[in-house]
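The values are calculated or read from the model by the stated rules, or taken from the named source; none is laboratory data. Keep in mind the model is a prediction, meaning the values are calculated, not measured. Heads up, the Cβs are rebuilt from the backbone with ideal geometry, glycines too, and the neighbour counts pull from every protein chain shown. With ligands, DNA and RNA removed, areas are computed over all heavy atoms of the protein, side chains included. Shrake-Rupley method; radii C 1.70, N 1.55, O 1.52, S 1.80 Å.
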Amino acid sequence: MRQRPSSRLLVVNAQGRLLLFRFVHRTGALAGSIFWAPPGGGLDAGESFEQAACRELLEETGLRIADPGPQVARRIVTFTMPDGIAVKADERYFLIRVATLEVSSALWTAEERAVVAEHAWWSQADLARAAEQVWPDDMAGMLVEAGVWGSSR
């Protein structure tokens, strides 16, 4: 199984809402799947998790940062990529706080333009009552552990 190190961004605005993208796959190995996920992606050759976090944030939101800060969560998971290849992903999560952010799609790839249907800012309550799949499924716990959201217990 191919290894896929990746960086993911938990972008939280001043109201404590989390940025998520809605992915709608109409073709390929993931045809018919719909889910929400935070920005991020695989590392380029020779790139650190921190460098990838900065690059992915710029490419997927238009926000340029020099340092993502410390890693707040890690997840190792296997899944199928849109091209049908199964991967074992080592995902590192970085918390990015913004006052406001107007998401820009100017640097999106053709694949991103084809599958990203929308984006939205989610509250803890929104996430708890999500009708569609949200990845990772333990994201609320990550944000509680990072001190962003209060415990829902």
**Message:** Condition check: within 14 Å of the chain's Cα centre (by Cα), in contact (Cβ under 8 Å) with a residue 24 or more places away in the chain, open to solvent by 40 Å² or more (accessible area, probe 1.4 Å) and more than 12 Å from LEU9 (Cβ to Cβ). Does TRP135 satisfy that?
**Reply:** yes
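Results for (1) modelled with pLDDT of 95 or more; (2) open to solvent by 20 Å² or more (accessible area, probe 1.4 Å), shown as yes or no for each residue.
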| site | (1), (2) |
| --- | --- |
| PRO5 | yes, yes |
| LEU9 | yes, no |
| VAL12 | yes, no |
| PHE23 | yes, yes |
| ALA31 | no, yes |
| GLY41 | yes, no |
| SER48 | yes, yes |
| GLU56 | yes, no |
| THR61 | yes, no |
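Per-residue answers, yes or no, for (1) part of a loop (DSSP other than H, G, I, E, B); (2) modelled with pLDDT of 95 or more; (3) within 15 Å of the chain's Cα centre (by Cα); (4) under 15 Å from PRO39 (Cβ atoms):
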| residue | (1), (2), (3), (4) |
| --- | --- |
| ARG74 | no, yes, yes, no |
| VAL87 | no, yes, no, no |
| LEU95 | no, yes, yes, yes |
| VAL103 | yes, yes, yes, yes |
| ALA106 | yes, yes, no, yes |
| ALA120 | no, yes, yes, yes |
**Asked** For residues in segment 122-132 being touching a Lys or Arg at 6+ places or on another chain (Cβ under 8 Å) and in a loop (DSSP other than H, G, I, E, B), which is surrounded by the most Cβ atoms within 10 Å (Cβ to Cβ)?
**Response** SER123
**Message:** of a type in the set (A, V, I, L, M) and assigned to a helix (DSSP H, G or I): is that true of ALA114 in this structure?
**Reply:** yes
**Message:** Tell me whether segment 130-139 contains one or more residues that are closer than 18 Å to ARG17 by Cβ, modelled with pLDDT of 95 or more, of a type in the set (A, V, I, L, M, F, W, C) and touching a Ser or Thr at 6+ places or on another chain (Cβ under 9 Å).
**Reply:** no
**Residue pairs meeting the criteria (Cβ under 9 Å; at least 6 apart or on separate chains; first within 14 Å of ARG97 (Cα to Cα), in segment 1-15; second among the polar types (S, T, N, Q))** = LEU9/THR61; VAL11/THR61; ASN13/THR100; ALA14/THR100; GLN15/SER123
**Request:** Residue by residue through segment 2-40, note down the ones that are among the small types (Gly, Ala, Ser), part of a strand (DSSP E or B) and more than 20 Å from TRP121 (Cβ to Cβ).
**Result:** SER6, SER7
